[in-house]
Structure formats: C-alpha cells, structure tokens
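Have a look at the structure below, then the notes.
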Protein chains: 4
Amino acid sequence: MTKEQIGAKIWAIAEGYIPGSSHGPEPQMTSHETACILNANESEASIMITVFYEDREPIGPYHLTVRGRRTKHLRFNDLKDPEPVPRDTPFASLIESNQPIVVQHTRLDSRQAENALLSTIAFPIG
Amino acid sequence: MTKEQIGAKIWAIAEGYIPGSSHGPEPQMTSHETACILNANESEASIMITVFYEDREPIGPYHLTVRGRRTKHLRFNDLKDPEPVPRDTPFASLIESNQPIVVQHTRLDSRQAENALLSTIAFPIG
Amino acid sequence: MTKEQIGAKIWAIAEGYIPGSSHGPEPQMTSHETACILNANESEASIMITVFYEDREPIGPYHLTVRGRRTKHLRFNDLKDPEPVPRDTPFASLIESNQPIVVQHTRLDSRQAENALLSTIAFPIG
Amino acid sequence: MTKEQIGAKIWAIAEGYIPGSSHGPEPQMTSHETACILNANESEASIMITVFYEDREPIGPYHLTVRGRRTKHLRFNDLKDPEPVPRDTPFASLIESNQPIVVQHTRLDSRQAENALLSTIAFPIG
C-alpha cells in the first residue's frame, strides 16, 4: 500500500455542536468542535465541507486545503465563509476531498468549570 | 458516489444508558443519550428504533422521520411511544431506515456537578 | 438482512483499564470498564473473553452468555473466573461469540470527584 | 479465523494532542495521549510510528515492538527517538506493523482539576 491510498475521500460526522460558552484560558480551553484531518499524501488535498442542520437547508461548501504530509485540526468555530456555524445548535457535516484523507471528530466542552471531551473516528464513505 | 448512497440502512448502538439525575440548566445540561442521525439524501428517511434490555423483551419499534438534507439529534429521553425509555437502566438499540443514513452515539452525563461526555460512531450493518 | 446477521463473531478492544479508586455512590459511580454487548439474534450467544496484559500471558477464557434479543453491559470489574482483572493495570481483550453480536467499549472513571467517560465501538474482526 | 489475522497492519489516528499541564498524582493522572495496541499473534510485532504536524515535515519513524500475545499502551509522551513529541501541539499519527494489530486511541486530559477522557478505535487501512 502506498501512502496515496491512506483513507477515504468522503467522510460524515453525524454529531456536531459548538457549546455557546466556555471556562478557562483561550484558545486551548474554549469550547470547540474539531475535525482532525490527516493528509498522508505527497500533494495538497482540496476539501469541501457541507454543514447540515435540523431545521434549514445545508450550508456550504466551506473550502479548505491541507498540505501534503500534514495534519489539520479544523475547528468548526473558525469557519466563516459562506457563514459562521451557530453556537448551541445541532448540526452534522459531510467532508469531501479530492484525495484520500483520514478524519476524526473531537469536542472540548468547557461550559462548566471542568472540561469534558469526546472523540470518534468519523464515518468513511468512499 | 451520489448523496443517495451516504451511510447504511441498519445501525446498532450496543451501549445505552440515560443517567437518572442531572445538574445545570435544562435542556442543554440535562443528562441525555443521543442518536445523531444524518440524512444526506434528497428525500425523507423513515426510521424505526428497537430498544433492547438486559432482562425483558425488546420494545419498539419507535417511529421517526428525518427530512431530506437534514440532521436530527434524537434524545432517547424524548421517546414516548410505545413507552418511555427508563432511566438508570442499561439498554442497546437497533436503528433501521428505509434509505442510507449515518448514526453517531453521544451521551452527556451531568449526574455530578461537572458533566462528562462520550461519543462513538454507531456500528453500520447493511 | 435478517437479525441473525447483526454484528460480528469476533471483536477486539485494544484499550482496557479499571481505575483503582472511585468517588460517589456504588455501583453506578464506581470506576468501571464495560463491554456492552447486543445479541439481536433469537437464540442465546455463548461468549468467550480473553484478557491480554503487557507483561504476562493472556488470561481466559472467561465464559458468559447473552440471551437472545437481549443486551448485556458486562463490567470487567465483575469477571472472577479464572481470575479477577487487576485494577490500575493496562489490558486488552478479545471477545469471541458463537453467533454475531455487536460490542461497544465504555469506561467510567471516578478517581477524581467528577467522573469522566469514554466510549468507542469495538473493532469487528470476523 | 486464526489469531494471526486479528487486526490490520496500518492504522491512522488523525487526532493527537498532549496537554501541556496536569493535575493529580503521576504517572496515572499525568495528561497523556495513548495508542493502545493489541498484538494477538504468537510472535512479536515490529512497529513504526510516523507523527504528522500542521506546519512542518513528519517526524519518524519511531520504532517499537510488542511481544506476541501482549498489549502495549504506548504513551506518545514517552517517545524520545528521533525526538520527543511537543506538548500543546496538534499532531496525527500513522502506525505500521509487520503483522496485524489492533489500535485504539485514548487521551487523559488533566489540565483542569477534574480529568477528562476520550477514546476511539483508530482507523484501519490495510
């Protein structure tokens, strides 16, 4: 297997939620929702993210790139274009890349004094 | 791949437990058990959930729909028909849809002053 | 798909650790390591668990059964025969069933005043 | 299935982060990032880990072995050669073995007084 084949081109994260408040020093302890992306290929990956909501049409695509042989821990908090992801609102996301990547979903929730964490591998589709 | 093919039609979550007490503002910090569902298809998904217990027959199906291009973060706490899911009781669930969906399992446990979180992709079956 | 085909017969959990201390009321808040098992078949599943350690030979098999159409949330804390699983000791486990099951791994760690949780789908092998 | 076939030879963990501070007794409560590895084979597994960063070239391989019929809960905190993994820095990892293994990713974050946990099965590649 060559490193060109590491991962999948389409991933889904059915859970998404950016807690609306935080405790502790920024930016480490700011409540955040993250898609951790590994691009083990030699060349840059061009990625589109679509965000799905409960009560309105999906928003996107959000565009980003991850250089070859790099990871990117993308905070949904930082998405701006076409519009920010609202806080305290359930969402889901679909991540499509022009070459294979690996995606893991992590949240840090610091709404209360002591932070909580969750993580899971995202769901690989194709 | 078309978006009609995103996910699986049957999913299992072997873990299930709604903590019987909570701290903090409702409904965000209420202890809850969630099946986050992404329906990336154009059309509505018709979904049946069966809940399995340790010491009695399974209960269900619970019926719900998720509109096309929408997500739904379903709290097991909110299931009512054919009967509510008891608190402080281990269960598991089987989720069957008439078209492909993606399912992720999340719990917020606020029995103590500071909440804890867990999440995992559910198990896709077919 | 019939319910006879839900899951896999062999699962691995590479992480395992029973924290040696606890805070809060027993047994709910006792630090524990759990294999949540769903047997969606009509008939009883006969299951063997082997526990692997870092510095000594594997121990097992531990034998258990899960009735048809039932779940069992098995605490590794409760395994007794051939020997208890030591606390504060890294382990891993292999779970083999005579028919398909679904396995999810969960830990509640209450060594400190506020509990922490983790969970993941186990790794299906065959 | 023989135990020689349990797992995959290549795994990816897209999330990685060693919190830079800790509360509580060492080493149990030291903030750590762990790759839990199960080698259910009879013979030793020879493993190479490559660590990917956001802004510089990957570092590795780190070499380790896991004896046959053993688990190893490897803390990224303990990697030394070719260089330590920096704290408070996002990374990802690729784990390659000469025979099948199972890998699960766990973090204990004790930056605040009460620890948080996350875990997920790693992503099996081939």
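The values are calculated or read from the model by the stated rules, or taken from the named source; none is laboratory data. These numbers come from a predicted model, not from an experiment. Every residue, glycine as well, gets a Cβ built from its backbone with ideal geometry; the counts of neighbours run over all protein chains shown. Quick note on the areas: whole protein, heavy atoms, side chains included, nothing else; ligands and nucleic acids left out. Shrake-Rupley method; radii C 1.70, N 1.55, O 1.52, S 1.80 Å.
Chain B residue nearest the axis that carries B onto D, by Cβ, with distance in whole Å, is B:Glu114, 3.
Among D:Arg75, D:Arg67, the order of accessible area from largest down is D:Arg67, D:Arg75, computed with a 1.4 Å probe on protein heavy atoms. Peptide B:34-41 is shielded by partner chain Cβ atoms: per residue, an average of 5 of them sit within 10 Å of its Cβ.
Buried accessible surface for the C/D pair, both sides summed and rounded to the nearest 100, is 2700 Å² with a 1.4 Å probe. So how far, in whole Å, is the C-alpha centre of segment C:17-54 from the one of segment B:66-97? Using only Cα atoms, the two centres lie 24 Å from each other. Across identical copies of the chain, A:Glu42 has label-point separations of 4.1, 4.1, 5.7 nm, listed in ascending order, with the point defined 7 angstrom from Cα along Cα→Cβ.
Here each label is just a point 7 Å from Cα along the line to Cβ, and for A:Ser43 and B:Asp55 those points are 6.2 nm apart.
Peptides B:99-105, D:27-33 ranked from most to least packed give B:99-105, D:27-33, packing being the mean of other C-beta atoms within 10 angstrom over each peptide's residues.
Given R₀ = 41 Å, what would the calculated FRET efficiency be for D:Ala113 paired with B:Arg87, taking r from the Cβ atoms and rounding to 0.05? With a Förster radius of 41 Å, E is 0.90. In terms of its C-alpha gyration tensor, segment B:47-107 comes out prolate, because a/c is 1.5 or above and the ratio a/b outweighs b/c. If the limit is 19 Å between Cα atoms, which of A:Lys9/A:Lys72; C:Lys9/C:Lys72; A:Lys72/D:Lys9 go over it? Pairs exceeding the cut-off: A:Lys72/D:Lys9. When all alpha-carbon pairs of segment A:1-103 are counted, what percent fall beyond 24 Å? Looking at segment A:1-103, the distances longer than 24 Å represent 26 percent of pairs.
Considering only A:Ala113, A:Ala12, A:Ala40, the mean-square fluctuation computed in a Gaussian network model of chain A, springs between alpha carbons under 10 angstrom, is largest for A:Ala113.
From the Kirkwood radius over Cα pairs of segment C:1-61, Stokes-Einstein at 20 °C and 1.002 mPa s returns a whole-number translational diffusion coefficient of 145 µm²/s.
Determine one quarter of the surface area of the Cα convex hull of the protein assembly as shown, which equals its mean projected area, and express it in nm² to one decimal. Intermediate values should be presented prior to the final figure.
Numbers: hull surface 83.2 nm².
For the Cα atoms of the protein assembly as shown, the hull's average projected area reads 20.8 nm².
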